[in-house]
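Heads up, the thing below is written out as structure tokens.
The values are calculated or read from the model by the stated rules, or taken from the named source; none is laboratory data. All values derive from a computational prediction rather than experimental measurement. Cβ sites come from the backbone with ideal geometry, for glycine too, and all protein chains shown count toward neighbours. To get the accessible areas, we keep the full protein, side chains included, count just its heavy atoms, and leave off ligands, DNA and RNA. Shrake-Rupley method; radii C 1.70, N 1.55, O 1.52, S 1.80 Å.
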Number of protein chains: 2
Amino acid sequence: MVDMSSLMRAPAVAKAMAWVEAHVPQIVEEAIRICEIPSPTFEEGERAAYVRDRFLRLGLCAAEIDAAGNARGVRPGTGGGPGLAMAAHLDTVFPKDTDVRVKRQGTRLLAPGIGDNSVAIAALLAMVEALNVAGIKTAGDLYLASDTGEEGLGDLKGMKAFMADVKDHVAAAVAIEGMKINRIIHVAVGSRRYKVTYTARGGHSWGHFPSPSAIHILGRAIADISRLEVPTDPKTTYNVGVIHGGTTVNTIAAEADMLVDMRSVDPRALADLERRLLAIVETAAREGDGQVKLDLVGDRPAGSIPADHPVVETCRAVHRALGLTTYSEASSTDANVPLGQGLPGVCISITEGANEHRLDEYIETGPIPVGVKNILLAALALTSKR
Amino acid sequence: MVDMSSLMRAPAVAKAMAWVEAHVPQIVEEAIRICEIPSPTFEEGERAAYVRDRFLRLGLCAAEIDAAGNARGVRPGTGGGPGLAMAAHLDTVFPKDTDVRVKRQGTRLLAPGIGDNSVAIAALLAMVEALNVAGIKTAGDLYLASDTGEEGLGDLKGMKAFMADVKDHVAAAVAIEGMKINRIIHVAVGSRRYKVTYTARGGHSWGHFPSPSAIHILGRAIADISRLEVPTDPKTTYNVGVIHGGTTVNTIAAEADMLVDMRSVDPRALADLERRLLAIVETAAREGDGQVKLDLVGDRPAGSIPADHPVVETCRAVHRALGLTTYSEASSTDANVPLGQGLPGVCISITEGANEHRLDEYIETGPIPVGVKNILLAALALTSKR
């Protein structure tokens, strides 16, 4: 592993870090500009175009919007070091007409999406500019993206496309989130989500009793699902989150549906749960004389690397060098994609904040320079010759 | 039992029947006027006021709107015969803004509510006028109502209030429906309906698993309900007709509800089913660590009299005298109320038609005079000295 203190003493690195210190107002302005371009999942086009233009002006190679809508660019290395993918997602959970104007309150910036994930995109751009200004060439190539579809039903669409393209050129991937600067995620909670729709003959509750009922079938399926045993280690969970069905009290339901969520930190435990749950779903239809339709509405791969993996150790060494107090948690981020591919992946962050996914979301500007250094040093260390 | 052919040969009765034959256009006009006064369940006031005024002008005693919103009146008899309650419901299933203008198409009248139940109210008024014109005094008193709340969530509210008042003064009750002139209902399908609402702790599907879920509790309750055994004779049924629950796929549901329908032709079978079903509902809440709230949203008493009961025989004799081909079916009508009280009750009808509870509802005008005679002769026979 790269020695962090000698890395930070290198004159070019010191220059890059000094540039970051000196340009916090510019980085903050960039985060605000990005935040004020609405970018709901599936509607990231305008923000992606802005970031692609910034990539171009920063001199990245092959700066483009790819087929998945990601803003992409490459910063070639000198050769001989491992390639690294870095990504900060473009999308927010807020509808297009949400007021995304950023308010300042002392050291805080308040706006929906400011921390999740505008400040992370701004930090990624600042990192490139700092490297440029300091004249730093990394050994390995840097594959950079601001990607689509990280939130909700986006289902990691952008990151999946990005990693499919670059996975053979990189040795690791770093996802960048705005908040929780002390956190390193190296365990990806995978999820599989289904909309399950039952149909059955139905009819009048008196005249056609006991004609098959989609609601009765659904009830039996939920009852059996609710009795599934799952391991606590590796942590694995399930949930029937939403149900609908039927038309009136005296009509035997012809249709009923449920949304089912399954999660695990372990791909095999997730696959095993899914196999057992779908068997219940299909048995209920067969035994209840109905039909079932399955729609996969969510698919986020599980995966992990151990806490002592060199990539995690490197990120922890960066934290130590910057005075951060590292903690880890399992979560679902863009890092799910490399971890699901068996590629080392982590998610690291830029600053502190709160209320993500709420209209009163905010971040602190104070930690931003440390956050930019966090990803800059990680990028340098993870592309160094071994 | 009254001899039907000698009854019909009585000059006054022949005169009343001749009046009916000669005034079909007037009866049709009355049905149209009534139909064109919107009268959804719980909003029958304007139609009730109209019928009350007609009762007044027909010389009924104690013509009034009662506390339940029924138009009521009494036609006193000469004494010595059994009292009879007769009722034709005021309400329709159609919202207030429904276009209830009546269209004529050859021998048909088309409009929402024309057959269910405007023509029955018009027939009741015509019966009184025919008795008046012919100078007929019945032996027993006639207690007449056009009643509220027969449809849907009205839960027989009007009929319940009417029968509570008159049950000690009558020996039988006749409900009048517009359609199915050949039908005599003497078996009342009773129903009990609940809205069952579960609440539970809920939480995040990953972070709080396995926190209690209202949907999982509901599913287990539905599964157990769907396995309840009920008798086919006396016919008894149940149905979970509508379900809702949860907010998002990755939220453990804090609330979920269902609408449950239970029906039987036998009050004891219905009570037994209800006891077993509510035990399931409560056990599910307890075992699933949730709470349950029960709202009784429907309560229609079951009950029946046998096919050879004198009241049924009388109605069948009237049918025979008018050339009708009697059939019987169990159903839920205003006759549920007397049958549930242990009082002889039937439901008989005025004409043919179709598509009740639909916007394209229609009736045939041809059978109307036979239908008016049907209730007139039944009224005479059922109030005669024994």
Can you tell me how many residues within region B:371-386 are in a helix (DSSP H, G or I) and open to solvent by 10 Å² or more (accessible area, probe 1.4 Å)?
2
I need the full set of residues from region B:318-370 which are under 18 Å from the mean Cα position of the chain (by Cα) and in a helix (DSSP H, G or I), in order please.
B:Asn336, B:Val337, B:Pro338, B:Leu339, B:Gly340, B:Gln341
Between A:Met86, A:Met127, A:Met159, which is farther than 20 Å from A:Ala330 by Cα, buried (at least 24 other Cβ atoms within 10 Å of the Cβ) and within 21 Å of the chain's Cα centre (by Cα)?
A:Met127
Residues of region B:248-273 being facing chain A (nearest Cβ under 7 Å) and hydroxyl-bearing (Ser, Thr, Tyr), which ones?
B:Thr248, B:Thr251
In region A:220-246, how many residues are touching a strand residue (DSSP E or B) at 6+ places or on another chain (Cβ under 9 Å), facing chain B (nearest Cβ under 7 Å) and over 14 Å from A:Val292 (Cβ atoms)?
9
Looking at (1) within 12 Å of chain A (Cβ to nearest Cβ); (2) at pLDDT 95 or above; (3) farther than 30 Å from A:Gly190 by Cα, which is the one condition that is false for B:His216?
(3)
Would you check which residues across region B:165-204 are open to solvent by less than 10 Å² (accessible area, probe 1.4 Å) and of a type in the set (Ser, Thr, Tyr) and list them?
B:Ser191, B:Tyr198
Looking only at residues in region A:177-212 that are in a loop (DSSP other than H, G, I, E, B), over 19 Å from the mean Cα position of the chain (by Cα) and more than 7 Å from chain B (Cβ to nearest Cβ), which one is modelled with the lowest pLDDT?
A:Gly207
Does A:Arg286 fit the bill of being more than 29 Å from the chain's Cα centre (by Cα), modelled with pLDDT of 95 or more, part of a loop (DSSP other than H, G, I, E, B) and surrounded by fewer than 17 Cβ atoms within 10 Å (Cβ to Cβ)?
no
Qualifying residues in region B:294-311 (those that are assigned to a loop (DSSP other than H, G, I, E, B) and over 20 Å from the mean Cα position of the chain (by Cα)) - the one farthest from the other protein chains (Cβ to nearest Cβ):
B:Asp308
Which residue, of B:Asp334, B:Asp295, B:Asp360, is touching a helix residue (DSSP H, G or I) at 6+ places or on another chain (Cβ under 7 Å) and of a type in the set (D, E, K, R)?
B:Asp334
Can you say whether B:Gly342 is closer than 27 Å to B:Lys157 by Cα and crowded, with 21+ Cβ neighbours inside 10 Å, as far as the supplied structure shows?
no
